[in-house]
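Worksheet: one structure, shown below.
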Amino acid sequence: MMLSLYTIVMGAAALLRPIHYSQLEAELQASPAIQASQIEFSDRQYILPSHDWLVSEFIPYTLDYFESQGLMMEGEGMDCDNLSRLFQNLLMISNSSGGGTGNGDVPCAIMKVKQVEAFGGVPGGDSYHSLVLIRTERGWHIIEPQTGEIAAFEHYSNRPHIEWIFF
Ligand SMILES: [Ca+2]
């Protein structure tokens with residue numbers, strides 16, 4: 001089977017303003033459930049993506065991309081951590097396609113949690129789960145890459161069960 005790669009371009013209008021990792025770190029640590037040792041940044045400088053672009057263009061593109069490539073949950077080689085990383089990497093490719101990587105990476109992290117409460121179509125229980133944490137101009141949000149569901153991080157019920165956040 002021939003797999004084709006197509007990308008969605010994150011143009012200048014989708015990138016809003018620079019933000020330093022220290023601010024991102026401080027915002028996350030404002031939550032009593034999150035310690036500094038649980039957060040790892042790869043860069044110093046990030047740039048916020050447009051929330052509207054994320055919701056109306058990037059998330060639908062990603063779901064369509066997964067489907068078009070036959071990428072679905074199958075064994076440990078294609079499960080929640082893999083789909084989360086693919087989401088993050090597709091966002092990185094979009095930034096590169098738009099020529100914006102010189103301004104920084106998008107603050108999009110892989111988050112490992114114990115999925116105590118259900119979210120985004122994934123049932124609760126005592127299993128570990130991976131999903132995406134992202135900062136837009138409207139604050140912090142979590143995204144379930146399997147379904148595209150997005151919610152404000154402040155309302156995320158599994159916040160006390162976060163293991164780590166990796167940007
Ligand atoms: Ca895996």
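Using only helices, what value at 222 nm comes out for the chain when you add -39,500 (n - 2.57) per DSSP H run of length 4 or more and divide by the total residues, to the nearest 500 deg cm²/dmol?
So the helix-based figure for the chain works out to -7000 deg cm²/dmol.
Want the number for residue 152 to residue 138: 0.36 nm per residue separation, take away the alpha-carbon distance, what's left?
Taking residue 152 through residue 138 to full extension adds about 4.1 nm, to one decimal.
For the chain, how big is the tail of P(r) above 25 Å, as a whole percent of Cα pairs?
Percentage above 25 Å: 28.
So how much slack lies between residue 128 and residue 56, counting 0.36 nm per residue of separation and subtracting their Cα-Cα distance, in nm?
23.0 nm
How high is the relative contact order of the chain, in percent, with contacts defined as C-alpha pairs under 8 Å that are six or more residues apart?
27 percent
Order by neighbour count: 147, 136, fewest other Cβ atoms within 10 Å first, most last.
Fewest to most other Cβ atoms nearby, the residues stand as 147, 136.
Check residue 164: other-chain or 5+ apart residues with amide H under 5 Å from its amide H, H built from backbone geometry?
Here the answer is 112, since their amide H atoms fall under 5 Å of that of residue 164.
Got a sec? How would 140, 164 order by Cβ neighbour count within 10 Å, fewest to most?
By the 10 Å Cβ count, ascending, the order reads 164, 140.
Can you compute the modelled spin-label distance between residue 73 and residue 43, with each label point 7 Å from Cα toward Cβ, in nm?
Each label point lies 7 Å from its Cα, and together they span 3.1 nm.
Using 0.36 nm per residue, how much length does the chain from residue 12 to residue 31 gain when fully extended, once their Cα-Cα distance is taken away?
Going from the current span to full extension adds 3.7 nm.
No lab work stands behind these numbers, since they all come straight from the coordinates. Everything numeric here is computed off the predicted structure, so don't read it as measured data. As a convention, Cβ positions derive from the backbone with ideal geometry for all residues, glycine included, and neighbour counts pool all protein chains shown.
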